Amino acid sequence: MRVVVQRVKESSVKVNDKIIGKIGYGYMLLVSFTEGDNENVIDYMINKILNLRIMDDENHIMNKNILDVGGSILSISQFTLYGDTKKGNRPSYVKALRGEDAIILYDLFNKKLANKIHVEKGMFGADMEVSLINDGPVTILLEKDL
């Protein structure tokens, strides 16, 4: 499982010119799954995301987590995070989990995450337009292999 965490001042996602998810201060997540990912991997990643100390404290030091500051999350499915460009210039996506399996894990990820924090999300498999104002900028890549 791979997740790109971007600290944002605001973020939104549109499908067919309609906003389907929008947050203020928090994280915009790009989320991708690979073969072997399961509920244990999801639980690990949720714990890591919620406890990342990349939010500023009173002294403008990244010392707080998203729960400390009352932030929200916009979760976007992004199978291209598993694009492999080692051979040639056209990415291979063979390591990305098939859509029918990935959507089950993506839904579980969002459901479990929403038990801890406010979550807005994109539409799995849709052509989405994602907007954000990256705060910092702060961008972190999280990865969990079995």
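The values are calculated or read from the model by the stated rules, or taken from the named source; none is laboratory data. Being a predicted model, the structure only gives us computed values, none of them experimental. FYI the Cβ positions are ideal-geometry reconstructions off the backbone, even for glycines, and counts take in every protein chain you see. What goes into the accessible areas is simple: the full protein's heavy atoms, side chains included, and nothing from ligands, DNA or RNA. Shrake-Rupley method; radii C 1.70, N 1.55, O 1.52, S 1.80 Å.
Considering only the stretch 25-46, I want to know if a residue exists there that is farther than 15 Å from Leu142 by Cα, in contact with a Leu (Cβ under 6 Å, 6 or more places away or on another chain) and not acidic (Asp, Glu).
Within the stretch 25-46, one or more residues are farther than 15 Å from Leu142 by Cα, in contact with a Leu (Cβ under 6 Å, 6 or more places away or on another chain) and not acidic (Asp, Glu).
Scan the stretch 123-146 residue by residue and report those that are modelled with pLDDT of 95 or more and in contact with a Gly (Cβ under 6 Å, 6 or more places away or on another chain).
Met128
Examine the stretch 91-102 for a residue that is more than 16 Å from Leu30 (Cβ to Cβ) and crowded, with 17+ Cβ neighbours inside 10 Å, and state whether such a residue exists.
No, because not a single residue in the stretch 91-102 is more than 16 Å from Leu30 (Cβ to Cβ) and crowded, with 17+ Cβ neighbours inside 10 Å.
Return yes or no: is Leu132 open to solvent by less than 90 Å² (accessible area, probe 1.4 Å) and in contact (Cβ under 8 Å) with a residue 12 or more places away in the chain?
So Leu132 passes the test.
Would you list the strands (runs of 3 or more DSSP E) that sit entirely within the stretch 1-82 and hold 1 or more residues that are open to solvent by 10 Å² or more (accessible area, probe 1.4 Å) and hydroxyl-bearing (Ser, Thr, Tyr)?
2-15, 72-77
So Val119 ticks every box in (1) within 12 Å of the chain's Cα centre (by Cα); (2) more than 28 Å from Glu58 (Cβ to Cβ) but one. Which box is left unticked?
Failing condition for Val119: (2).
Determine whether Lys111 is over 17 Å from Leu132 (Cβ atoms) and exposed (fewer than 14 other Cβ atoms within 10 Å of the Cβ).
Yes, satisfied.
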